[in-house]
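The values are calculated or read from the model by the stated rules, or taken from the named source; none is laboratory data. As the structure is a prediction and not an experimental result, all values here were calculated from the model. We place every Cβ from the backbone using ideal geometry, glycine too, and count neighbours over all the protein chains shown.
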Amino acid sequence: MPRSARRRNQGDGPLTPTHTTEFWRLAGSGGILIFASSGAIAMPPTSNRFLDRLAAGIVLCGEGYVFELERRGYVKAGPYVPEVVLDHPSAVEELHRELALCGSDVVLALTYYAHRDKMRVVGRERDVEELNRQAVRLARKVAAEENAVVAGNISNTWVYDAANAEATGKVVRQMYDEQIRWAKEEGVDFILAETIDHLGEAMIAVDAIKSAGLPAVVNLAVLETKTKDGVAVDEACQMLHDRGADVVGLNCSRGPATMLPMLERVVARVKGPVAALPVAYRTTPEQPTFHTLRLPGQARAFPIDLEPFLLTRAEMA
């Protein structure tokens, strides 16, 4: 039986714990759960495969690529730039396939931290377009095998500065625009913008994605209860929704135990689909993010000593 025939399809009934917990075997940034907030949301059929699947119910997206590929020896800890896309494309393709076989409805192109400024940091700015296009092609290849949709990916840039928002925002917009253009030309179904901790930068992401005519999923990563530019998380998500994002939510930084209370406020406020993408680590109220996790008498575990805090699949379920 071909792999695509074994995948969970929209008509296969409700999700079970097995569907969701298989994501955590890889234990990177985990899987994204995109779901409708309180009340029925009428979403008419579209010409976009992602939006049609979203209208039908929960959409799962496995990811966590840079952490998992760092553990496998393909990505350098620290910069976390996905040079592996060009240097070892078969490793990326295999991880796409593993996540698809675990039940992911989305194959996410590995272009996280593949913007021009990050590529410059590792001395490969000249390769920025080639890497972004190659990443989408690898994702599309596996998506075709697995009957999945394809997402392009943009991320926080470390360039945006709220104190100099106009000037730095222009630089961010230029980098987002070119990444989104390349992804669109290579055939993605939507763009996932993630791990953004400034509302101002997230707004730029929404504008850039929607200007390209693509669906936008925009996720914030917050260390405290507010974005770095001082907006409460639920309010920020509502503002992103009002700006035109098709899905808003939270990703990275927090495990399920410390993300869910924030997510409840987002779901209560946003009358549209919401995304949840926790890290698969045992965060607590005392150590609410994986950046703050530490064993007694030891320095912080982030980024390369997190294994003792890894959640089991049963805990995730």
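Considering only residues that are in contact with a helix residue (DSSP H, G or I) (Cβ under 9 Å, 6 or more places away or on another chain) and at pLDDT below 95, which ones fall in region 290-300? L295, the sole residue that qualifies. The requirement of being under 17 Å from the mean Cα position of the chain (by Cα) and over 30 Å from E307 (Cβ atoms) is fulfilled nowhere in region 254-271; no residue meets it. Against the conditions (1) among the aliphatic types (A, V, I, L, M); (2) more than 20 Å from L60 (Cβ to Cβ); (3) surrounded by 15 or more Cβ atoms within 10 Å (Cβ to Cβ), A268 satisfies every one except (3). Filtering region 238-280 to residues that are in contact (Cβ under 8 Å) with a residue 60 or more places away in the chain and farther than 20 Å from M203 by Cα leaves P256, A268, P278, V279, A280.
Selection within region 187-213: residues that are in contact (Cβ under 8 Å) with a residue 60 or more places away in the chain and not hydroxyl-bearing (S, T, Y). The member of this set that is farthest from A144 (Cα to Cα) is E194. Among the residues of region 293-303, at least one is outside the structural domain of A151 (by TED's automatic domain parsing), under 29 Å from Y176 (Cβ atoms) and not polar (S, T, N, Q).
Considering the conditions (1) buried (at least 21 other Cβ atoms within 10 Å of the Cβ); (2) among the hydrophobic types (A, V, I, L, M, F, W, C); (3) more than 18 Å from L69 (Cβ to Cβ), A163 is excluded by exactly one of them, (1). Helices (runs of 4 or more DSSP H) fully within region 197-281 that include at least 1 residues being touching a Lys or Arg at 6+ places or on another chain (Cβ under 7 Å): 199-211, 233-243. The residues of region 69-84 that are crowded, with 18+ Cβ neighbours inside 10 Å and among the aliphatic types (A, V, I, L, M), listed by number, are L69, V75, V81, V84.
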